[in-house]
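Down below is the structure, laid out as structure tokens.
The values are calculated or read from the model by the stated rules, or taken from the named source; none is laboratory data. Quantities reported herein were computed from a predicted structural model and do not represent experimental measurements. Don't worry about glycine lacking a Cβ; one is built from the backbone with ideal geometry, like all the others, and counts go over all protein chains shown. What goes into the accessible areas is simple: the full protein's heavy atoms, side chains included, and nothing from ligands, DNA or RNA. Shrake-Rupley method; radii C 1.70, N 1.55, O 1.52, S 1.80 Å.
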Amino acid sequence: MSTVEQQLDDLKAQITSELPNDVSVSSVKYEGPELVLYTRDPKKFARQGDLVRKLASKLRKRITVRPDPDVLSPPEKARAEIESVVPEEAGITDLDFHADTGEVVIEAQKPGMVIGRHGSTLREITKNVGWTPEVVRTPPIESSTVSNVRNFLKQERDDRRNILERVGRQIHREEMSDDQWVRITTLGCCREVGRASFILSTPETRILIDCGDKPGAEGEVPYLHVPEALGAGAQTIDAVVLTHAHLDHSALIPLLFKYGYDGPIYCTEPTRDLMGLLTLDYLDVAAKEGRTPPYESEMVREAIKHCIPLEYGDVTDIAPDVKLTFHNAGHILGSAVSHFHIGDGLYNVAFSGDIHYDDTRLFNGATNDFPRVETLVLESTYGGRNDYQTDQADSEEKLMEVIKETAERGGKVVIPAFAVGRSQEIMLVIEEAMRSGEIPEMPVHLDGMIWEATAIHTTYPEYLRDDLRDRIFHEDENPFLADEFNHIDGGEEERQDVADGGPCIILSTSGMVTGGPIMSWLSHIGPDPDSTLVFVGYQAQGTLGRRIQNGWDEIPTSEVGMGSNGNGGRGTLSLNMNVETVDGFSGHADRAGLMNFVKTMNPRPEKVLCVHGDERSTQDLSSALYHDFNMRTFAPKNLETFRFL
Ligand SMILES: [Zn+2]
């Protein structure tokens, strides 16, 4: 008998002895990090609400209880019961019964009302019908990404359960080594921005953290083929942890499956969905630019199938000697500071991923409270000694000023923006300014993936700043549903109509004017001297955005996709519109934010590795942290290995 079988037998015996005599357990299984108990008495479990919680804390495991299939009420009867138990205001939109596992997935507009106070309504459901309910939110704005991911996972349910059982056995395998050490190897994003990737290893376990591309340098990928990484075979990786969905952290995650990786990806639920959206777009853009994409869309589906979503604060076993906990990073939807507890009190490492230290309109500031941390791996994007950003309130005021002046001239405001994060932040600023009368009401057109990304934000309000979350819970106060917002879904014809119309605001991808519908807006509105182009995000070297920012006003028509306009693509477009730059809407902490993150960190780490910034930023931040806080700091290069312990 293998050791995992033995372990499960022992657990079953222990659980049986802990439970009251009339509550039986027919089998126990691992599914990913969870211990699943099958019982013939689901209703009795539900009646004693504390039972599962007590077992979980006694066994120090995450526990799920499921009914044996033959004790279930028939779905049609269960449906009627559930609809009578759950208040009508919960707005159930779908019930999906899975007889093989006794689970019923309830999709509702107000999941909180299905759950009830401390889960009371959920227990009521099980008490009545025996089924184990699982609740998901109906997106307030229809999202094709969310529904595609959910449908796909539904269709792949059997396969997914096999994966989870296999992963569960891996996590709970017996430890083989008596050695004790912890190492971090840097595979990318050191003294550079982009291609984030690290290996965290112990004698027992190897974990890959992030696997991104380098924007503007497509060939430069993380050093995956060194022996410390996948050089020993992709199957030698135990787990992949994804801090957030930005492509410089996620783009090459699907590639791992092409290399033969078949294990779990730990991330938050919104990160999973956004990764799907952004990596599929990444393949699309590569194809349009005539590059060979590094993997096929099938690999994106594999990645999604292998995701194990975790919520902030869940302490989760991901290997025999490693526990992972995610915390809010304040950077984009679902972004997570990833904390690893290694061994039983042996060592603790936190990877910041990308962080924003202060609150923004969208997110609470990054969490920096941990039970213990000895080493912090810290992003340094704005770690340089002069990298102070404009205060957001001042930036907002300037942006409103620009909008007001442009509208008074009868012009239009065009804002190139990234679909995820900055667009929603700007939407909130504009919505409030219109509501308070600071700027006149006018249509705000959203083009490219912005609408879809916004829909994903509203699907996961738990991940947004407290007061914004509360507003989304009350449908009539959801700022993203404001009347001004219009989704451009009619293509070129609709754009022409908007261009021929009155004052308005247009938010469009791509954020650095490197392609996408913004090109079409430039060709429509670029020649109008009354209109204004406003940059709200960083424009990288070599992008059209940066060149326009630097004063370029004659753009070859081939650049804006007007090549077929009867001039053979050799003409130019005169950019007569005003060009403004408004800084201060960054999703990253600036120098002060990074210093404050470490200063107020509890407990303060002994060592800090400054990564994810150019050479100057990482070195500046490293020496400032050393001088101010007297800690050991490093600005590593790629392919360095640090040994702790
Ligand atoms: Zn990021």
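In this structure, the amide hydrogen of I63, modeled 1.01 Å from its nitrogen in the peptide plane, lies closer than 5 angstrom to those of L35, counting only residues at least 5 positions away or on a different chain.
Kirkwood Rh, Cα Rg: Rg to Rh for the stretch 446-544? For the stretch 446-544, the value is 1.02.
Give me the number: length gained by fully extending E220 to M631, i.e. 0.36 nm times residue separation minus the C-alpha to C-alpha distance, one decimal in nm.
Length gained between E220 and M631: 144.7 nm.
In order along the stretch 100-112, the Karplus-derived 3J(HN,Hα) couplings, from 6.51 cos²θ - 1.76 cosθ + 1.60 at θ = phi - 60°, round to 4, 10, x, 9, 10, 8, 9, 9, 9, 5, 10, x, x Hz, and Gly and Pro are given as x.
Relative to the longest principal axis of the Cα atoms of the chain, the long axis of helix 422-435 lies at roughly 70 degrees. For K77, a cut-off of 19 angstrom between C-alpha atoms picks up these aspartates and glutamates, skipping any fewer than 8 places away in its own chain: D41, D68, E88, D94, D96, D100, E103, E107, E124, E134. Adding -39500 (n - 2.57) for every DSSP H run of four residues or longer, then dividing by how many residues the chain holds, sets the calculated 222 nm ellipticity at -10000 deg cm²/dmol. For the stretch 342-466, the per residue solvent-accessible surface stands at 34 Å², with DNA, RNA and ligands left out and a 1.4 Å probe. Close amide H contacts of H246 (hydrogens built in the peptide plane, cut-off under 5 Å, sequence separation of 5 or more or a different chain): none are found.
Once you charge only the Cβ atoms, +1 for Lys and Arg and -1 for Asp and Glu, what is the size of the charge dipole of the chain about its Cα centre, to the nearest 20 debye?
Taking the Cα centre of the chain as origin, the dipole is about 2040 debye.
Using only Cα atoms, find the angle between the long axis of helix 75-85 and the longest principal axis of the chain, and express it within 0 to 90 degrees, rounded to the nearest 10. Approximately 70 degrees, to the nearest 10.
Express the Stokes-Einstein translational diffusion coefficient of the stretch 191-278 in µm² s⁻¹, to the nearest whole number, given a Kirkwood radius over alpha-carbon pairs, 25 °C and a viscosity of 0.890 mPa s.
Once the numbers are plugged in, D ends up at 188 µm²/s.
Against the chain, whose longest principal axis is taken from its Cα atoms, helix 392-408 shows a tilt of about 50°. Around the amide H of T572, modelled in the peptide plane, lie the amide H atoms of T557, all under 5 Å away and 5 or more residues distant in sequence or on another chain.
Where the alpha-carbon atoms of the stretch 321-450 are placed on the principal axes, they occupy 66, 32, 25 Å, in descending order.
Taking only the Cα atoms of the stretch 367-410, the ratio Rg/Rh comes out at 1.31, with Rh defined as the Kirkwood radius. Averaging 1/r across all pairs of distinct Cα atoms in the stretch 528-640 and inverting the result yields a Kirkwood radius of 17.9 Å. Residue-normalised convex hull volume from the C-alpha trace of the stretch 86-125: 61 Å³ per residue. Straight-line cross-link reach from K12 at under 21 Å between alpha-carbon atoms covers these lysines, not counting any fewer than eight positions away in the same chain: K29, K43, K44, K54, K58, K61. If you look at the Cα atoms of the chain, you get an Rg and a Dmax of 26.0, 86 Å.
Converting phi to 3J(HN,Hα) with the Karplus coefficients 6.51, -1.76 and 1.60 and the offset θ = phi - 60°, the stretch 134-151 yields 10, 10, 10, 7, 6, x, x, 10, 4, 10, 5, 4, 4, 6, 5, 5, 5, 5 Hz in sequence order, with x at every glycine or proline.
Convex hull volume of the C-alpha atoms in the stretch 1-127, normalised per residue: 117 Å³.
Say a site is exposed when it is one of the trypsin sites (Lys or Arg not before Pro), sits in a DSSP loop, and has at most 13 other Cβ atoms within 10 Å; what is then the longest site-free stretch of the chain? Value returned for the longest uninterrupted segment is 61-290.
Note on the stretch 304-363: with charges restricted to the Cβ of Lys and Arg (+1) and Asp and Glu (-1), its dipole about the Cα centre is near 180 debye. Quick one: accessible surface of M400, probe radius 1.4 Å, all protein chains present, in square angstrom to the nearest 10. It works out to around 10 Å². Couplings for the stretch 375-387, taken from phi via the Karplus curve 6.51 cos²θ - 1.76 cosθ + 1.60 with θ = phi - 60°, read 10, 10, 9, 10, 5, 9, 3, 10, x, x, 5, 9, 7 Hz in order; Gly and Pro are left as x.
Put simply, the C-alpha atoms of the stretch 406-467 give a gyration tensor, and the ellipsoid matching it has half-axes of 23, 15, 8 Å, longest first.
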